[in-house]
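The values are calculated or read from the model by the stated rules, or taken from the named source; none is laboratory data. Quantities reported herein were computed from a predicted structural model and do not represent experimental measurements. We place every Cβ from the backbone using ideal geometry, glycine too, and count neighbours over all the protein chains shown. With ligands, DNA and RNA removed, areas are computed over all heavy atoms of the protein, side chains included. Shrake-Rupley method; radii C 1.70, N 1.55, O 1.52, S 1.80 Å.
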Amino acid sequence: MPERNDAALAFLQSRRSRPAKTLIAPAPSRDELMPLLQAAARTPDHGKLEPWRFIVVERGAMARLADLTTKTGERLQKSPEDIAKARTQFELGQLAVVVVEIQKDSPKIPPIEQSYSAGAVCLALLNAALAAGWGANWLSGWASHDPIFCREAFDLAENERIAGLIHIATEGSVPPERPRPDLAAITTWVET
């Protein structure tokens, strides 16, 4: 019989992201953030390539990123409503960890597996933050997929892209539970 970790299982079965717009100060300090990054870095990584890295965006950098989002939206001809919505994650942001996917040349590890690993880092960081009592949300958005924004905002190289922006701060309000998938409808059992 395997050894159970009932507390971890109960957490995973009840975890709930906190909308970024509801997160308030304080955010974790650098010392409080390091164990969360350490937990995220333990994600599955086929080939031990470490096809990801972290950029921590502190409160003082948020206004610059909000302004850059506006500039990017205007260049991409986004609507004023889309620009305003995209700016919000930075205008209201207290702290965000940018998980950067790094595509590395490998004869054994295909690019898709490196993308999966970067996505797993995002979820691991999100869950670590929630387990530590913080509110957290995994965001992206059209600006984060624009190579010019990525270069100007975070000096990303051509083989890098944003897998996610994990906003972490104090939970301002508890979100309502949302409908979850019907497991019977999405699960197939193969017996032979």
Item checked: Calculated from backbone phi, Karplus (6.51, -1.76, 1.60) coupling profile of the stretch 64-69 in Hz, x at Gly/Pro -> 4, 5, 4, 5, 5, 5
Margin query: Within 10 Å of each candidate Cβ there may be at most 15 other Cβ atoms; applying that plus a DSSP loop requirement, which chymotrypsin sites (Phe, Trp or Tyr not before Pro) in the stretch 84-192 survive?
Written below: Trp189
Margin query: Show me, for the stretch 92-107, the HN-Hα J-couplings you get by feeding each phi into the Karplus relation (A = 6.51, B = -1.76, C = 1.60, θ = phi - 60°), rounded to Hz, glycine and proline as x.
Written below: 8, x, 9, 7, 9, 9, 8, 8, 9, 7, 10, 7, 10, 5, 8, x
Checklist line | Residue of Leu130, Leu12, Leu68 that the Gaussian network model of the chain assigns the largest fluctuation, springs spanning Cα pairs under 10 Å | finding: Leu12
Check: So what J values fall out for the stretch 40-57 if you push phi through Karplus, 6.51 cos²θ - 1.76 cosθ + 1.60 with θ = phi - 60°, rounded to Hz, Gly and Pro as x?
Finding: 5, 6, 8, 5, x, 8, 4, x, 6, 7, 6, x, 6, 8, 10, 10, 8, 9
Checklist line | Reachable lysines, given that their alpha-carbon falls under 27 Å from the alpha-carbon of Lys108 and they are not under 8 places away in the same chain | finding: Lys48
Notebook entry, point to check: So what is the accessible area of the chain per residue, in Å², with the probe set to 1.4 Å?
Noted result: 61 Å²
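With viscosity set to 1.002 mPa s and temperature to 20 °C, compute the Stokes-Einstein D of the stretch 17-66, Rh being the Kirkwood radius across alpha carbon pairs; µm²/s, no decimals.
After rounding, the answer is 159 µm²/s.
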Notebook entry, point to check: By a straight-distance test (C-alpha under 16 Å), which aspartates and glutamates pair with Lys104 as possible cross-link partners, with residues fewer than eight away in the same chain excluded?
Noted result: Asp45, Glu50, Glu113, Glu158, Glu160
Check: Taking the chain as a Gaussian network, Cα atoms linked when under 10 Å apart, which of Pro110, Pro176, Pro19 shows the biggest mean-square fluctuation?
Finding: Pro176
Checklist line | With every protein chain in place, the chain: carbon and sulfur % of accessible area (1.4 Å) | finding: 56 percent
Notebook entry, point to check: Ordering Glu32, Glu191 by how much accessible area each has at a 1.4 Å probe, largest first, what is the list?
Noted result: Glu191, Glu32
